[in-house]
């Protein structure tokens, strides 16, 4: 979790042919619309922009970064995916005991991974669980508080990377509605 501090974003589960639709509005990129979700800019530094959308069932953060080269974007996506996967890989215990040699996340609490690539977009994302403090990696049932979405999207038509992280009410199906809204223009 501490390895993802600077660039975590939201992404969700892919149902058969789910697409991500991101359209930046023409008002100087101060807002972003993704289907029925309206995002306001919370931070901007050069071509790096952070957007947020919050309602009673979800909190979603999107970070966008302009990247001209599709190969560099693909490498960035693979690096971020590997970093995220490392949260759930077995870890050696500092002081192994008789029964505890490694710490591991149970299979039922590990996130599902989805990947969708075509001419317009590269999309990779996870759907899993997060703690009450909105931290990915809830590996004990008592710590599960949110459904968690983490994904990275590259829209080749506008040469932009999007890192998406979302936290959704654990009893809601809104995460799937959000995923259906994701696509490149």
Query - Residue check, residue 45 out of contact with any helix residue (DSSP H, G or I) (no Cβ under 6 Å at 6 or more places or on another chain), at pLDDT 90 or above and farther than 20 Å from residue 184 by Cα - result: no
Report task. Go through the residues of region 114-121 one by one and say whether even a single one is within 30 Å of residue 185 (Cα to Cα) and touching a helix residue (DSSP H, G or I) at 6+ places or on another chain (Cβ under 6 Å). Result -> no
Report task. Would you please name the residue that is farthest from the chain's Cα centre (by Cα), looking only at residues in region 123-150 that are more than 26 Å from residue 41 (Cβ to Cβ), in contact (Cβ under 8 Å) with a residue 40 or more places away in the chain and in a loop (DSSP other than H, G, I, E, B)? Result -> 139
Report summary line: Pairs returned, first residue in region 46-64 that is without any contact (Cβ under 8 Å) to a residue 60 or more places away in the chain, second residue that is assigned to a loop (DSSP other than H, G, I, E, B) and exposed (fewer than 15 other Cβ atoms within 10 Å of the Cβ), beta-carbon separation under 7 angstrom, 6 or more apart or interchain, are 49/29
Report summary line: When residue 98 is run through (1) at pLDDT below 90; (2) within 23 Å of residue 33 (Cα to Cα); (3) not in a strand (DSSP E or B), the failure sits at (2)
Query raised in the report: How many of the residues in region 151-176 are farther than 14 Å from residue 129 by Cα and without any contact (Cβ under 8 Å) to a residue 24 or more places away in the chain?
Result: 0
Report task. Please state which one of 88, 51 is part of a loop (DSSP other than H, G, I, E, B), on the phi < 0 side of the Ramachandran plot, modelled with pLDDT of 85 or more and touching a strand residue (DSSP E or B) at 6+ places or on another chain (Cβ under 9 Å). Result -> 88
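Being in contact with a strand residue (DSSP E or B) (Cβ under 8 Å, 6 or more places away or on another chain) and part of a helix (DSSP H, G or I) is the filter; apply it to region 62-77 and report the residue that is surrounded by the fewest Cβ atoms within 10 Å (Cβ to Cβ).
Our first condition is that a residue be in contact with a strand residue (DSSP E or B) (Cβ under 8 Å, 6 or more places away or on another chain); within region 62-77, this holds for 62-67, 70, 73-74, 76-77.
Then drop every residue that is not part of a helix (DSSP H, G or I), which leaves 70, 73-74, 76-77.
Working: 70: 12, 73: 21, 74: 15, 76: 19, 77: 21.
For region 62-77, the residue satisfying everything is 70.
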Query raised in the report: Applying the selection to region 31-48, what residues are surrounded by 15 or more Cβ atoms within 10 Å (Cβ to Cβ) and not in a strand (DSSP E or B)?
Result: 35
Query - Scope region 151-179; condition in a strand (DSSP E or B) and touching a helix residue (DSSP H, G or I) at 6+ places or on another chain (Cβ under 6 Å); matching residues - result: 152, 154, 161, 168
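The values are calculated or read from the model by the stated rules, or taken from the named source; none is laboratory data. Predicted model only: the values in this text are computed from it and were never measured. Note that each Cβ is placed from the backbone with ideal geometry, even for glycine, and that neighbours are counted across all protein chains shown.
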